[in-house]
Structure formats: C-alpha cells, structure tokens
Amino acid sequence: MWFRGILVASFLLLGGCSSSEEDQAETIDYASYDLAGLKELVRDGERGFVVEIIRAREKLALTDADEHLLSAKIYISVSNAIAADVELEKAKRAGASSAEYFLLLTQNYILQARYNKAEEAIGDAELEGDDAYQGLLLLADINKAQRNFDAARKLYQAAIVDQPENYLGYIGAAQIELTLGRLADAARFSEVAKTLAPNDPKTLFVQGAIYRYQLQTEKATEFLERSIELNKTQILPRLELVGIYTEAGAFDKARTHLDVVYATAPNNRLAKFYTALMLAAEGKPTEAEEILIQLGDLSSAFPLAGRVYGHTLYRLGKFSKAQFHLERFLELVPTDRPSRLALAEIHIRRGRPAKSLDLLSPLLGAETADFEAILQAAAAAASAGNPGLAEKFLERAQSLVSSQGDGDVNLGRKLARRIATNLLAQGKGDEAVSQLRNLMAADGQDYVSLSLLSNVQMSNGDLEGALKSAERMLELAPNNPLSSNLMGAVKHRQRNWAEAKLLYDKAIDLSPDYLSALKNRGQLFLALEEFEEARADLAKVVAASPEEYQSRGLYGRALLETGHAEEALEHFLAAERAYPQSVALKADHAEALEKLGYLSSAISKAKEAQALVNEDSGFGRYLAALLLDWEKVEVERQTEETAARADAKKERDDERKMREERLANDAVKKAAEAAKEKAKTG
C-alpha cells in the first residue's frame, strides 16, 4: 500500500511510459480490469496504480469514456488540473455527456479559478437526485471562491435541506463560517457532520481547523493528522499543520508537509505565506517581506492568516501594521494569549502604556500566574511614569519565581533584568548595576545580562566600567554582532570615533540588517559631518522601523544637511509627536522651517526649544544667537514689507486721485458741452 501511495506523486505530471513500465506491462494483465475493479482499487487507496492501469489500457485501445472520467477524478483529487483537462477531453471524444462529466468539468474549472467557465459547465448539465445535490455544492464552492459568501451560504443551506442526512452540506457550511471567523456557527455545522460521518477525512479536517482557531493545538494536530492518514492527497489539512508547526518553531515537521503541498500545488498562496513566516522566524526578514508583499493581504480571506501576519509583522518591527492584524484577530479570539502579549508590547513601543495595561488586564487577575504578562505590565507601568506600580508587578513576579524553588533559572534572570531596567528608570543606576553584577556572578557566560550591564554603565556615565563589560562581551561572543556594536557604542561615547566606526562596520558586516548598529553608525556619521553616509544608514533603519522615532529624528537631520528640508520636516513632525520635550528636535524642526522660507514659524518653533533649555548652557546660547539673527532678518523683512506696503498704498492712492480728477474733469467738460447745446437750441 505504501508503494502504491508513492505512485500518486509520479502521476502528477503527464509523460510517456519508460522501459520499466513496458517491462511491468508484460507481467500485469491490464485487459482483465473493468470499471468496477478500478473503482474498488481507488477505494483501497491505489489511485496511482489505477492511473497506471488506465494508461496501459489506453495503449491497448481498451479504455472508454468512464475510465477517462475516473482518471480525471483522480487528477482533480490531487489538484493536477492540466492532467485532468487532458482526461476530460479524451472522455468527451469518447462520447461522455453524463452528469458526471459536467460535474468533473466544473470541479476542474474551479481548480483553475475559471469560475465563469465553471458556471457555464454546471449550467449545461441535466442533474437529478444525487447529481443535483453535487451541483448545489459546486455552485456554493464557486460563490465561496469568489467571496460571494451570502450566496454560498444559501446554496449550502439548500443542499442541507435537499439531503439532510448527507454530511457534505454541513462541511461546506462549516467552512464558510470558518472563513468568516464565526467559530460557534462553524462548530455547530461541524458537529452535525461529525455525527453523520465521524471518520471522514473532510469531517476530521474541519474539526481540526476549528480546534486550531480555538488555539487548542494538540487537538487540532490530532484531527488533522488523522485526516491526512485517511487521505494523503489532501492539501488543506497539511496547510493547517504547516501553520501549527511553524508557529511552534517545529520547522522540520512544517517543511515535511509543505514539500507535499508544493509538489501538488507549487503556487499555493498559503504555502508561500508560511514559507515567509519561517523565513522571518529564522532571522531573514527581508526575504520574508518580499514574499508577503507579492502575496498581498490574505487575512480577509483567511482570518487565521491575520494572526500570522500580525506576529510576522511584529517580528519585522512593522508595529502599526502588526497592530491592525492582531487587534482584528483578538476580536475573533480574545483568549489568544501570544497575540495579546505581542499587542501589549506594541502599545508600549508606540507610547501608549495605559492601553497596554488595559490589554494585559485579563492576564493579570489574582488567580493567574502569567509571568510574561506580569513582566510586560511592569514595563508598561514604568513607561507610563509609574515606577511604584512597576515595582509592585516586579514583586509579584519575584514571588512567582520564588514559589518555583529551583525551577526555571531563565525566569529568574529575566526578572532580574527587568528589575534592573526599572531601577534605572527610577534614577537608581547604582542599584541597577548591582543587580546585574549579581547575575554575572551567578553565571559569567550570561552575555545578555552583560550587554545590559554595559548599557546601564554607559547611562550612569561609567565609561570605564562599560568598557570592561564590553571587552568581556567580546571575549564571550567575538563573532556576535551585538558584541561589536556594544563596544562601538562605548568607543563612540569616549569620542574615539575611528575605533567606533570600525566596530560598527564589523557588526554590520556580520549582520547587514542589524538596525541598532546601523543607527549607531548613522549617529556617528552625523557627528563627523559625513551627512550623505549618515543618510544612507539611517534610511535603512527608518524603512525597517518607521515607528522608531528617535531614528526618524536623526534621519531628518541627515536629510536637512543634504538639502532635503521638506522631506526632513515630515520626519521631524513625526519624531516630535513622540518626544514633545526634545530640544534638539524642536531646533532641527525650526531650522527646516527656516530653510523652506517659513521664518516666522521657524522663530516660534525655536522659541519652544529655547523655553526647554538653560539659557546659560552652550545650546541655550546657540539658540539665543540663532533667534537674534532670525529675528533681525524677520524685522528687516517686516520693515521692507511695511515700506513696500506703504509704497503700494501711496501708488494706489495716487492712481485713485488721478482717476477721480479725470472723472471730475470729464464731468465738467460734459456739463459745459451740454450747456452750449442747450444755448443753441434755445
């Protein structure tokens, strides 16, 4: 049986018989097979062998229309529309005109997405009884494929009314509701199908798909695997399993099913979609995004794809787009914890910590012990400027870790890092360093904590300590781009710019899409006044993370210095909304306005910056001098405009006076002429 199953794949493409097939023909009595025997073989799972027999019988001129129809049916079942076309044409030439012929022709047109032709084919058929029922299902399939869901639903309902004991109408109705994300309705139809045909592959597939939507992945996997065991040629259950295994990071298992799908349907959009997801998870965001762009939005047709879109875009740093998909999916499945956590982090990153806390609240109940959610809430509270609340969440997380005794060490480390970050946010830099040193004392190989320690030391102004931590980081992971980038940042802060550049270069060579290193090198180029180079690096960062507003501000500066003030203004506006108290952004914004000729607006914006800075500081004096120059120019401009307006007014007044005098003279002249005329006639 296993060998015969393999033959299915070999008959996906048409081709001539090889010599081995000719040898085999000598040992098999093909003439002895009749249609009933061939159908029995199909029921036994010997589809590939049946196609082989029909080919051999065709060479012996023994086939009839019914055998070609059977061959076409097999090809349609494995999505080989081209081979099915050939068999249907042979059946037609052999005199096929039965309802079965038109039903198969319709199915094959649907397979090719030729829906108008499919409707024509079904319209040409004279259908009765079971054939009429199949026709209703096919018309429903055509409408479903064209997203005419109301029409499709009515047709499936008509099929159910026509044959309430037939499970296929319920399967179709369940799939419609599943497509629209109506899980309760889908489950209701699925339960009826289950009572009518509990072990049918289609019933098992729909049940598995519903479990997947409900995020019951173990049950979903069980039903989908059973469906495939019963019919290995199915594509849809394999795609569902690809999604489950991909999201779980079991890429080898996912690819096993994906290979079968591609062998049968190389252009399947969902297969390509999951390929993109695997690429993103493997750290290849550029390749993943290229595929996603080519595919367009699948989430309207497949709501569950919206979840995958959301998580993929989240990993790619496309937070606004990810937010849209995750919010829409959470409306369908509010119990989806990973999507809730991802969306909560997006709100923190986009400067909406209060919304993040609201979103996390279902995971923070007194009876729950969701460590990740509690840490996320601590981050949101800290971001909202409420370190006290953040500390309460961290204490709760600490009690969870303590209750596990010698449990997951990684949880403890994650908590300690979050506590250190919170301490730094409260201005307790020394305590943060102490917390991280304790982590390093427990595990000197923990380079994640080591990199955080170096960053905290830089924030504290302890460049010597930061340098030692970065050196240790390089020892532990010399070929990790994080190490080179971290050391580059320390050298950058020490104003050792040549060494910093070499280190950033190395980090980017190791990982060309490493945004932190590109951003750091872009900042370095700005300091070195190498503005074209800065613009090139920062453009990549902004393109990959448009909501990284600090980078947008830096990019705006590079654009401003390279003669692109109007484009720079767009980035300054976006960055300033995120950082309304940034003096540098307001000053750059003012300069862009001045370059574009909006001097009055530039002065107003520069005064906003001046109000936020100590007037005795270097930057305060710079702004004062800048405003003095601009205001002088503005006074001169206004003086010139006032003089110009006065000159224009005098010119208008003179013109009006001359016009009035001319009109008066004309009136006197006309009056004199009228008097003369009157004297003559009098």
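Restricting Ala276, Ala280 to residues that are small (Gly, Ala, Ser), crowded, with 17+ Cβ neighbours inside 10 Å, touching a His at 6+ places or on another chain (Cβ under 9 Å) and more than 17 Å from Ala113 (Cβ to Cβ) narrows the list to Ala280. Just give me the residues in segment 202-225 being without any contact (Cβ under 8 Å) to a residue 24 or more places away in the chain and either surrounded by fewer than 19 Cβ atoms within 10 Å (Cβ to Cβ) or among the acidic types (Asp, Glu) (or both), in sequence order. Once the filter is applied, which keeps residues that are without any contact (Cβ under 8 Å) to a residue 24 or more places away in the chain and either surrounded by fewer than 19 Cβ atoms within 10 Å (Cβ to Cβ) or among the acidic types (Asp, Glu) (or both), segment 202-225 yields Gln216, Glu218, Lys219, Glu222, Glu225. Of all residues in segment 95-123, none that is on the phi > 0 side of the Ramachandran plot has its Cβ atom under 8 Å from the Cβ atom of a residue that is hydroxyl-bearing (Ser, Thr, Tyr) and part of a helix (DSSP H, G or I), 6 or more apart or on another chain. Among the residues of segment 68-79, some residue qualifies, meaning at least one is at pLDDT below 90 and outside any helix (DSSP H, G or I). Just for segment 59-74: of the residues that are in contact (Cβ under 8 Å) with a residue 24 or more places away in the chain and of a type outside the set (A, V, I, L, M, F, W, C), which one is nearest to Thr233 (Cα to Cα)? This residue is Lys73. If you go through segment 85-99 one residue at a time, do you hit one that is of a type in the set (Val, Ile, Thr) and over 24 Å from Leu139 (Cβ atoms)? Looking for residues that are of a type in the set (Val, Ile, Thr) and over 24 Å from Leu139 (Cβ atoms), one finds at least one in segment 85-99, hence yes.
Quick one: would you say Leu332 is out of contact with any Ser or Thr (no Cβ under 9 Å at 6 or more places or on another chain), crowded, with 16+ Cβ neighbours inside 10 Å and closer than 23 Å to Leu424 by Cβ? When the stated conditions are applied, Leu332 does not pass them.
Would you check which residues across segment 530-563 are under 26 Å from Gly597 (Cβ atoms), in contact (Cβ under 8 Å) with a residue 24 or more places away in the chain and not in a helix (DSSP H, G or I) and list them? Selection gives Thr562 alone.
When each of Glu677, Glu608 is tested for being within 52 Å of the chain's Cα centre (by Cα) and not aliphatic (A, V, I, L, M), the lone residue that passes is Glu608. In summary, Ala250 fulfils each of the numbered conditions (1) surrounded by fewer than 22 Cβ atoms within 10 Å (Cβ to Cβ); (2) within 23 Å of Ile74 (Cα to Cα) with the single exception of condition (2). Gln214 passes all but one of (1) within 24 Å of the chain's Cα centre (by Cα); (2) at pLDDT 95 or above; which number fails? It fails just one condition, (2).
Yes or no, residue by residue, for (1) out of contact with any helix residue (DSSP H, G or I) (no Cβ under 8 Å at 6 or more places or on another chain); (2) within 25 Å of Asn268 (Cβ to Cβ); (3) hydroxyl-bearing (Ser, Thr, Tyr):
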| site | (1), (2), (3) |
| --- | --- |
| Ala94 | no, no, no |
| Phe102 | no, no, no |
| Ile110 | no, yes, no |
| Asp150 | yes, no, no |
| Ala158 | no, no, no |
| Ala187 | no, no, no |
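Residues of segment 356-370 that are modelled with pLDDT of 80 or more and either in a loop (DSSP other than H, G, I, E, B) or crowded, with 17+ Cβ neighbours inside 10 Å (or both): Ser356, Leu357, Leu359, Leu360, Leu363, Leu364, Gly365, Asp370.
This table checks each residue for (1) among the aromatic types (Phe, Trp, Tyr); (2) touching a strand residue (DSSP E or B) at 6+ places or on another chain (Cβ under 7 Å); (3) within 13 Å of Tyr555 (Cβ to Cβ).
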{"site": "Arg495", "(1), (2), (3)": "no, no, no"}
{"site": "Ala500", "(1), (2), (3)": "no, no, no"}
{"site": "Leu503", "(1), (2), (3)": "no, no, no"}
{"site": "Lys506", "(1), (2), (3)": "no, no, no"}
{"site": "Ser516", "(1), (2), (3)": "no, no, no"}
{"site": "Phe525", "(1), (2), (3)": "yes, no, yes"}
{"site": "Leu528", "(1), (2), (3)": "no, no, no"}
{"site": "Arg535", "(1), (2), (3)": "no, no, yes"}
{"site": "Leu538", "(1), (2), (3)": "no, no, yes"}
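When Ala265 is tested against (1) surrounded by fewer than 23 Cβ atoms within 10 Å (Cβ to Cβ); (2) under 23 Å from the mean Cα position of the chain (by Cα); (3) small (Gly, Ala, Ser); (4) within 27 Å of Asp44 (Cα to Cα), exactly one condition is not met: (2). State yes or no: is Gly181 under 20 Å from Gln157 (Cβ atoms), under 20 Å from the mean Cα position of the chain (by Cα) and either in contact (Cβ under 8 Å) with a residue 60 or more places away in the chain or part of a helix (DSSP H, G or I) (or both)? So Gly181 fits the description; yes. Restricting Arg307, Arg337 to residues that are crowded, with 22+ Cβ neighbours inside 10 Å and of a type in the set (Lys, Arg) narrows the list to Arg307. Which ones in segment 294-311 are at pLDDT below 75, closer than 12 Å to Arg269 by Cα and out of contact with any Leu (no Cβ under 9 Å at 6 or more places or on another chain)? Correct list: Gly296, Asp297, Ser299, Ala301. Taking the criterion of being part of a helix (DSSP H, G or I), in contact (Cβ under 8 Å) with a residue 24 or more places away in the chain and not small (Gly, Ala, Ser), the residues of segment 569-588 that qualify are Leu569, His571, Arg577, Val583, Leu585, Lys586, Asp588. Being among the aliphatic types (A, V, I, L, M), in a helix (DSSP H, G or I), at pLDDT below 80 and surrounded by fewer than 22 Cβ atoms within 10 Å (Cβ to Cβ) is a property that holds for Leu415. None of Lys657, Lys632, Lys605 is over 30 Å from Pro580 (Cβ atoms), without any contact (Cβ under 8 Å) to a residue 60 or more places away in the chain and in a helix (DSSP H, G or I) except Lys657.
Taken together, the residues in segment 118-134 that are part of a helix (DSSP H, G or I) and surrounded by 15 or more Cβ atoms within 10 Å (Cβ to Cβ) amount to 8. Residues in segment 86-108 that are surrounded by fewer than 19 Cβ atoms within 10 Å (Cβ to Cβ) and part of a helix (DSSP H, G or I): Val86, Glu89, Lys92, Arg93, Ala99. Pairs linking a residue in segment 226-241 that is free of Cβ contacts under 8 Å to residues at least 24 places away in the same chain and under 19 Å from Leu215 (Cβ atoms) to a residue that is buried (at least 23 other Cβ atoms within 10 Å of the Cβ) and among the hydroxyl-bearing types (Ser, Thr, Tyr), with Cβ atoms under 9 Å and 6 or more positions apart or on different chains, do not occur. When Val86 is tested against (1) within 30 Å of Arg114 (Cβ to Cβ); (2) modelled with pLDDT under 90, just one condition goes unmet, and that condition is (2).
Residues in segment 556-575 that are of a type outside the set (A, V, I, L, M) and either in contact with an Asp or Glu (Cβ under 9 Å, 6 or more places away or on another chain) or within 20 Å of Glu345 (Cβ to Cβ) (or both): 5 in all.
The values are calculated or read from the model by the stated rules, or taken from the named source; none is laboratory data. Remember, it's a predicted structure, so these values are computed and weren't measured experimentally. Positions of Cβ are backbone-derived with ideal geometry, glycine not excepted, and every protein chain shown enters the neighbour counts.
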